[in-house]
1. Can you send over the carbon and sulfur percentage of the accessible area for the stretch 201-247, probe radius 1.4 Å, protein chains only?
2. Under a 1.4 Å probe, what is the accessible area of the chain per residue, stated in Å²?
3. Rank by packing, highest mean first: peptides 260-270, 105-115, with packing defined as the count of other Cβ atoms within 10 Å averaged across residues.
4. Just grab the label-to-label distance for K180 and R20, each label 7 Å out from Cα along the Cβ direction, in nm (one decimal).
5. In Å, what Kirkwood hydrodynamic radius results for the chain from the alpha-carbon pair distances?
6. With a sphere of radius 11 Å drawn around the Cβ of V241, what net charge do the other residues whose Cβ falls strictly inside it have (Lys, Arg +1; Asp, Glu -1)?
7. Which order do peptides 235-247, 15-27 fall in by mean Cβ count within 10 Å, highest first?
8. R0 = 41 Å: FRET efficiency of V170 with A208, Cβ-based, nearest 0.05?
Amino acid sequence: MQLGVNVPNFGPGTDPGVLREWARTVEGLGFDLLMVSDHVVVTPDVAERYPEPFYEPFTTLSWLAGITTGLRLGTTVLVLPYRDPLLVARMADTLDRLNGGGFVLGVGVGWARQEFAALGVPFGARGRLTDEYLGRLRDARHAEWESGSGTRAVPVWVGGHSAAAIRRTVEYGDAWHPLKLPVDRMRAILAEQPMPGFAPRIALRPTAAPVDDPDRPAGVGTVEQIVDDLHWLCRLGAETVVFDPYNGDPEETRRPEAAWRALTAVTTEWRAAA
């Protein structure tokens, strides 16, 4: 099972130097995948959670591709209705080629009503548009493969855990990409619906004392609990697990060292238990 990190590409503490150190830390700790998030217009509803500066994901990943070696790159998650799907397919394919393969296109429907309005995309149509764009992405990937280019199609991970997200995963995706769910909830969904693949994004919030809440999201708890979550996700068939060190406070981006220490502690324990 591979491990990845969702690196904060936003917030008051984030700048090119910090992004560079994030990449060096993720690569140096032996992670397989580095991912970033997506917003285009930082409207007030977005800014409450993910304030400026917000570095555009494809541009950021292209830059990071030039300063890393061997890391897979990806988006968790790209808001699919914001961009023409043929443009997305071209950008993803280009990044995949420039980075020597391994790019992952994680996608979702989006939630920021004001951002949709700023981009002129109907908020109420976002589900329909996501279905349509996923279909066009699939067609573009098939056409690329059939052209004889010799490249492997970029995998699409479908984010979310609603009934619609699960349906989209089965119809269009290469993996289900749930975000910060409890292990038991993921287990129940997988028992009800076979998936083409499984690549969850979990929290990274180590605590000094065990967390006994039955609804504890995966990745929250002692280092031992987090490593146990990884073992369970491996048993459930996860090909990749992505850690998300951002817990909602933009001021956290001024103190990335705390997240780096947490990643170090978890990966050290995970390897010792392997």
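1. Whole-percent figure for carbon plus sulfur exposure: 52.
2. Solvent-accessible surface per residue comes out at 43 Å².
3. Result, highest mean first: 105-115, 260-270.
4. Inter-label distance under the simple model: 3.0 nm.
5. 19.0 Å
6. -3
7. Ranking the peptides 235-247, 15-27 by packing returns 235-247, 15-27.
8. For R0 = 41 Å, the calculated efficiency reads 0.50.
The values are calculated or read from the model by the stated rules, or taken from the named source; none is laboratory data. The model shown is predicted, which means the values in this text are computed figures rather than measured ones. Here Cβ is always computed from backbone atoms with ideal geometry, including for glycine, and neighbour counts include all displayed protein chains. When the accessible area is computed, the model is the full protein with side chains, heavy atoms only, and any ligands, DNA or RNA have been set aside. Shrake-Rupley method; radii C 1.70, N 1.55, O 1.52, S 1.80 Å.
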